[in-house]
Amino acid sequence: MSKSEAIGYKDVTPLDERACELYLTGCSILYLLAWLADNIGMEHIKLNIEGMHCGSCATSIQMYLSTQEGVENATVDYNGKKGGLDYDPSKINLDKILAEIKDLGFTATKA
Ligand SMILES: [Cu+2]
């Protein structure tokens, strides 16, 4: 059973799901409302990333992504060869994000 089912949600979007997780970790309702206001309209994607040689590679990609307009919450995991981020489709698209990672010398694909 997923966390959202646990509190009685059905047909949840990824946004609902993540809001539920925040709620279950004890976030206040005011924080949740602010979080939702920031995150409505954002797309969440997970990436598989090839070509990283060490943790610094992961840090470089993560820092670079974090500077891109329309990208939030970028994370890159060297050991898992993966990453994730939220982006605002009105400001940036997935192809551009993947192309930018490629320009850094790594190969990213949607997970
Ligand atoms: Cu490296």
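Summary table below
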{"item": "Calculated [θ] (222 nm, deg cm²/dmol) that DSSP helices of n ≥ 4 give over the chain, each run adding -39,500 (n - 2.57)", "result": "-12500 deg cm²/dmol"}
{"item": "Most positive-pole-ward Cα, 109, 63, 22, against dipole of the chain from beta carbon charges", "result": "109"}
{"item": "Segment 43-110 - charge dipole about Cα centre, Lys and Arg +1 at Cβ, Asp and Glu -1, debye rounded to 20", "result": "240 debye"}
{"item": "Lysine-lysine proximity count for the chain, Cα under 15 Å, sequence distance 8 or more or distinct chains", "result": "10"}
{"item": "Residue order, fewest to most beta carbons within 10 Å, for 30, 98", "result": "30, 98"}
{"item": "Contact order normalised by residue count of the chain, Cα under 8 Å, 6+ apart, percent", "result": "26 percent"}
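Each reported figure results from applying straightforward, stated rules to the coordinates on display, with no laboratory input. Fair warning: this is a prediction, and the values are worked out from it, not measured in the lab. Every residue, glycine among them, receives a Cβ derived from its backbone with ideal geometry; neighbour counts consider all protein chains shown.
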